[in-house]
Amino acid sequence: MTKLAERLIQPEILTLLRRHAGNREIWLVGGALRDHFLGLTRPDLDFVVDREAATLARLLADDLQAGFYSMDDERDAARVILPGQAGTLDFVRRSGPSIETDLRERDFTINALALPLNTDDHLIDPLGGLQDLKDRRLRPCAEDAVSRDPVRALRAVRLAARLGLRMEPNTVQQVRAAGDRLSEVSAERVRDEFMRVLEPTTAGTGIRLMDHLGLLVQVCPELDQLPGTERDGRELSLSTLDRLAELVPLLARRSDGERGGNLALGELSLQLAKYRVDLSAHLERRLRGGRQVAQLLTLAALFTPSESVDPDAAAEAASQAARLAVRRALELRLSRPEAGRIESIVLNHWRPRQLASTQPTSDGEVYRFFRASGEAGIEVVLLYLAASLARLSSAPPPAEWRSRIGLARTLFEAWFERADQVVRPPKLLAGDELASALGLQAGSVIGELLEAIREAQAEGLVHDRDSALQVAREQLESGRPRRRPTEVRDKSR
């Protein structure tokens, strides 16, 4: 088992752990061992220490010049945050008189594994978790393991979806029973576990399982109030999540595009390959509050009205859905920027469909699209592609699918390559300059005229101060413009 420890723990960290251990006993536990036996890797490691766990964590953090913070003084729990996003090391004091007692108090048998670091002893597996891993079976450590902590019901869903595990009847019974008690758990703990379920690659499977087990209505009761819910809206939303699970690895994680001969995804990969690095950085960005943009996109997708909503009523349906999504985001204690980003995605989800009906897309239309959606426009485009596949099936009509890819390429090009020309043209006139030149009082009309100038810049019609003034005069003479009431800027910026 010493060799196993050396494979799972960086040599420098393992050496420091053993150096600072003294007469403490240390065990590597849980997820790292579980994932290793499934052929997976994970950067985050969990350790149990028989005493002074936080003190050991502090010593390690000092030597590694890593971040440190106490997670729970009463439980003697602390975290070391390795430099360069290399992962975390969590330390906690053993909860019982022995490591076996500690493991039996855990959630599921596949997490009740421990490896001693002080000796060459064998893997400690008191509940048969290793066999459960081989059998791909999710089983609680005890009859009351889930009821003791209802958030474990969401963890069961996440593990089943991510690792491809089946729940035994007893597990299903415990999970269903715990759902009614999720309201007793802090919103922050529910949020953290639910957002892990929303990892894009497995969110479709996880949400379907939550729905089947009666957990989804407990965590997101507003979903039943969405426009289109009474028809096929819920199933289409779930299908869209499934398609996002394919698109995100394909477009944002440098997948090679080999998707079992799926021609639609293959063409998507070919046409949009040049934006993979940019999309990856965009989706991996964390807003204030700590969630990745990709997770916020998935939650927004869950609240997005289906394309079955009458196109003429799309903006109104989006506004209603956005209010519900923001309510849920704030109830889950997401930050204001995170809630704002979700709102922008839902509010503007219908805009690519509108653009698709008027192709070819002009630079002015692209400018208006990003003026309304801001940074969230990128997620809106990805959602549009996923919803298109969900709506058109995995083998959409080639011409229609190429047209939708073309629209996505146009919008990505504008944002990632021509932002200074099309998305954020440079300011040619200040408001007071414009007011003085035209003999106007300061007021909303000045803002409207400046917006008209920027739109004309995006279209290539304005290049200097004189042409900007000419556009403003023409707008005044024609009695335009008036900003559209449905345009809402991205509040996460």
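For Asp432, the conditions (1) assigned by TED's automatic domain parsing to the domain that holds Asn348; (2) over 20 Å from Val248 (Cα atoms); (3) among the charged types (D, E, K, R) are fulfilled apart from (1). Could you check, for the stretch 36-48, whether at least one of its residues is in contact with an Asp or Glu (Cβ under 8 Å, 6 or more places away or on another chain), hydrophobic (A, V, I, L, M, F, W, C) and under 21 Å from Arg104 (Cβ atoms)? Yes - at least one qualifying residue is present in the stretch 36-48. Counting the residues of the stretch 272-290 that are more than 19 Å from Glu199 (Cβ to Cβ), assigned to a helix (DSSP H, G or I) and charged (D, E, K, R) gives 2. Once the stretch 137-178 is narrowed to residues that are within 19 Å of Glu199 (Cβ to Cβ) and assigned to a loop (DSSP other than H, G, I, E, B), the residue that is nearest to the chain's Cα centre (by Cα) is Gly164. Sub-6 Å Cβ pairs linking a first residue in the stretch 334-362 that is within 12 Å of Gly374 (Cα to Cα) to a second residue that is assigned to a loop (DSSP other than H, G, I, E, B), at least 6 apart or interchain, are Gly340/Lys491; Gly340/Ser492; Arg341/Ser492; Ser344/Asp490; Leu347/Val488, ordered by first then second residue. Entry remark, the stretch 405-445: residues being loosely packed, with under 15 Cβ neighbours inside 10 Å, outside any helix (DSSP H, G or I) and of a type in the set (A, V, I, L, M) number 2 in total. Could you tell me whether Arg353 is farther than 16 Å from Arg243 by Cβ and among the charged types (D, E, K, R)? In short, no. Of the residues contained in the stretch 119-131, one or more are found to be in contact (Cβ under 8 Å) with a residue 40 or more places away in the chain and part of a strand (DSSP E or B). Based on this model, can you work out whether Ala315 counts as in a helix (DSSP H, G or I) and either at pLDDT 90 or above or within 22 Å of Glu459 (Cα to Cα) (or both)? Answer is no for this residue. Please pick out the residue among Leu330, Leu283, Leu347, Leu270 that is outside the structural domain of Val185 (by TED's automatic domain parsing) and touching a Ser or Thr at 6+ places or on another chain (Cβ under 9 Å). Only one candidate passes the filter, namely Leu347. Quick one: Gly22 ticks every box in (1) at negative phi; (2) loosely packed, with under 15 Cβ neighbours inside 10 Å bar one, so which box is it? If we test Gly22 against (1) at negative phi; (2) loosely packed, with under 15 Cβ neighbours inside 10 Å, just (1) comes out false.
Residues in the stretch 91-121 that are of a type in the set (S, T, N, Q) and over 20 Å from Asp149 (Cα atoms): Ser98, Asn118, Thr119.
Of the residues that sit in the stretch 222-262 and are in a loop (DSSP other than H, G, I, E, B) and surrounded by 19 or more Cβ atoms within 10 Å (Cβ to Cβ), which one is modelled with the highest pLDDT? Looking at the filtered set, the residue picked out is Leu226.
The single condition among (1) at pLDDT below 95; (2) at negative phi; (3) not aliphatic (A, V, I, L, M) that Gln131 does not meet is (1). None of Ala372, Ala386, Ala339 is surrounded by 19 or more Cβ atoms within 10 Å (Cβ to Cβ), in a helix (DSSP H, G or I) and more than 21 Å from the chain's Cα centre (by Cα) except Ala372. Scanning the stretch 123-179 for residues that are polar (S, T, N, Q) and either within 19 Å of Gly206 (Cβ to Cβ) or crowded, with 21+ Cβ neighbours inside 10 Å (or both) yields Thr171, Gln174. If you go through the stretch 68-90 and keep only what is in contact with a Ser or Thr (Cβ under 9 Å, 6 or more places away or on another chain) and not basic (Lys, Arg), you end up with Asp76, Ala77, Ala78, Val80, Ile81, Leu82. Quick check on the stretch 1-40: of everything there that is touching a helix residue (DSSP H, G or I) at 6+ places or on another chain (Cβ under 8 Å) and of a type in the set (Lys, Arg), which residue is nearest to Leu133 (Cα to Cα)? The extreme case among them is Arg34.
The values are calculated or read from the model by the stated rules, or taken from the named source; none is laboratory data. As the structure is a prediction and not an experimental result, all values here were calculated from the model. As a convention, Cβ positions derive from the backbone with ideal geometry for all residues, glycine included, and neighbour counts pool all protein chains shown.
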